[in-house]
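As structure tokens, the structure follows; a few thoughts come after it.
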Amino acid sequence: MLRDSLPTYQTPRDNDLSVAPNFEVDLVLSFIDKYVPDFPAYYLSTKDSEKENRISDILVNHFELCKHESGGYIPFRFSKNPTQAESDKETDIGVFVMTRNQTPLPIIEFEAKRFSESSNNKEYVCGVRGGIERFKRGHHSSHLKVSGMFGYIQSRTSSDWFEKVNNWIKELSDSNVDKTIDWTGDIEILTKIDSFPLVEKLYSSHTRKSTNDKILLWHYLIELISKN
């Protein structure tokens with residue numbers, strides 16, 4: 001169990017060759033994989049709003065509670081709206097290493113979007129507030145190679161929105177006339193990686209034209225629909 005593997009954790013030194021480059025990020029993702037399936041029940045039991053920002057607040061609180069309840073030493077802090085050094089566009093959730101040995105920058109960041117009948121669902125992908133687009137333009141996570149997104153599903157199903165998101169990416173690839181951003185169709189579509197109760201985990205890789213590199217995104221589509 002994760003809680004049994006963490007009690008003696010120490011922040012790796014920069015010159016520690018025995019530690020994989022993405023060790024800390026992988027640890028955070030493993031933590032999310034373990035505890036995000038419990039979030040829908042927690043959210044629905046405490047729900048006082050269907051607004052995106054409020055849901056993200058409750059999600060951060062959920063992860064922080066899971067850290068303390070797990071009984072192990074988990075040296076990460078989940079935080080709402082981490083500031084960006086080079087951009088005034090904040091992501092919704094950032095994860096920091098709890099150490100004084102480095103500048104407090106998130107080691108992974110997440111943008112969050114609602115999928116509902118009343119929201120602009122295409123903003124998961126593109127637009128002024130477009131989630132994936134902001135990562136591609138370097139407005140989010142310009143200092144990172146790996147980040148992610150949370151999709152709060154308030155209508156329909158994960159499969160429905162998965163299909164729509166990929167169709168929107170393909171449409172952008174076919175019709176894009178904006179020379180400041182590249183959309184590369186099938187290369188950037190989401191791929192299913194794992195399924196948890198009420199949560200689908202997906203992966204995508206995206207070009208960043210401004211820095212001539214790529215950013216990898218992990219997507220968690222979380223069903224928050226009451227069954228009553």
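The values are calculated or read from the model by the stated rules, or taken from the named source; none is laboratory data. Everything numeric here is computed off the predicted structure, so don't read it as measured data. Don't worry about glycine lacking a Cβ; one is built from the backbone with ideal geometry, like all the others, and counts go over all protein chains shown. Protein only, heavy atoms only, side chains kept; ligands, DNA and RNA dropped before computing areas. Shrake-Rupley method; radii C 1.70, N 1.55, O 1.52, S 1.80 Å.
Any of LYS89/LYS136; LYS51/LYS122; LYS67/LYS192; LYS47/LYS80; LYS170/LYS192 with alpha carbons more than 22 Å apart? Name them for me.
Working: LYS89/LYS136 13 Å; LYS51/LYS122 17 Å; LYS67/LYS192 27 Å; LYS47/LYS80 18 Å; LYS170/LYS192 17 Å.
Table pairs above 22 Å Cα-Cα are LYS67/LYS192.
In region 138-228, if the dipole is taken from +1 on Lys/Arg beta carbons and -1 on Asp/Glu beta carbons about the Cα centre, which of LEU217, SER159, ILE187 is farthest to the positive end?
Farthest towards the positive end: LEU217.
Can you give me the long-range amide H partners of GLU188? Hydrogens built in the peptide plane at 1.01 Å from N, cutoff under 5 Å, separation of 5 or more residues or another chain.
Placed amide hydrogens put nothing under 5 Å from GLU188.
Semi-axes, largest first, in whole Å: what does sqrt of 5 times each Cα gyration tensor eigenvalue give for region 35-96? Can you show the working numbers first?
Working: eigenvalues 94, 65, 8 Å².
Result for region 35-96: semi-axes of 22, 18, 6 Å.
If you filter region 95-169 for trypsin sites (Lys or Arg not before Pro), then keep DSSP loop positions with at most 16 other Cβ within 10 Å, what is left?
Values: sites: ARG100, LYS113, ARG114, LYS122, ARG129, ARG134, LYS136, ARG137, LYS145, ARG156, LYS164; in loops: ARG100, ARG129, LYS145, ARG156.
Qualifying residues, ordered by number: ARG100, ARG129, LYS145, ARG156.
Please work out how much accessible surface ILE153 shows to a 1.4 Å probe, ignoring ligands, DNA and RNA, in Å² rounded to 10.
About 0 Å², ignoring ligands and nucleic acids.
Let me have the relative contact order for region 67-217, percent, based on Cα pairs under 8 Å that are six or more residues apart.
Values: 253 pairs, mean separation 25.7, N = 151.
17 percent.
Which residues make up the longest stretch of the chain that has no GluC sites (Glu not before Pro) in a DSSP loop with at most 11 other Cβ atoms within 10 Å? Mind showing how you got there, number by number?
Numbers: sites that count: GLU86, GLU117.
For GluC sites (Glu not before Pro) (loop position, at most 11 other Cβ atoms within 10 Å), the longest site-free span of the chain is 118-228.
I want to check the label-to-label distance for LYS214 and TYR42. Put each point 7 Å from Cα in the C-beta direction and report it in nm to one decimal.
A separation of 3.3 nm, rounded to one decimal place.
When the accessible area of the chain is computed with all protein chains present and a 1.4 Å probe, what percentage of it is carbon and sulfur? Numbers along the way, then the final one.
Values: 5560 of 11660 Å².
Using a 1.4 Å probe with all protein chains present, the chain comes out at 48 percent carbon and sulfur.
Using only alpha carbon pairs under 8 Å that are at least six residues apart, calculate the relative contact order of region 166-228 and give it in whole percent.
On the way: 92 pairs, mean separation 15.0, N = 63.
Reported as a whole number, the value is 24 percent.
Per residue of region 127-132, in order, report the coupling 6.51 cos²θ - 1.76 cosθ + 1.60 (Karplus, θ = phi - 60°) as ³J(HN,Hα) in whole Hz, putting x for Gly and Pro.
x, 4, 9, x, x, 4
For region 60-139, calculate the relative contact order in percent as a whole number, restricting contacts to Cα pairs under 8 Å that are 6 or more residues apart. Before the final figure, lay out the partial values.
Working: 98 pairs, mean separation 14.5, N = 80.
Result for region 60-139 is 18 percent.
Which of the trypsin sites (Lys or Arg not before Pro) across region 165-228 are loop residues per DSSP, with 10 or fewer other Cβ within 10 Å? Let's see the in-between values first.
Numbers: sites: LYS170, LYS179, LYS192, LYS201, ARG208, LYS209, LYS214, LYS227; in loops: LYS179, LYS209, LYS227.
Sites meeting the loop and neighbour criteria: LYS179, LYS227.
Where does the chain land at 222 nm, in deg cm²/dmol rounded to the nearest 500, when only DSSP H runs of n ≥ 4 count, each adding -39500 (n - 2.57), divided by all residues?
Values: 6 runs with 69 residues, N = 228.
Theoretical 222 nm ellipticity from helices: -9500 deg cm²/dmol.
Which whole-Hz ³J(HN,Hα) couplings does region 119-126 yield from phi under the Karplus relation 6.51 cos²θ - 1.76 cosθ + 1.60, θ = phi - 60°, glycine and proline marked x?
Couplings: 10, 7, 5, 5, 5, 4, 9, 9 Hz.
How big is the C-alpha Rg of region 33-167 next to the rule-of-thumb value 2.2 N^0.38 Å, as a ratio? Walk me through the intermediate numbers first.
Values: Rg = 15.4 Å, N = 135, 2.2 N^0.38 = 14.2 Å.
That ratio works out to 1.08.
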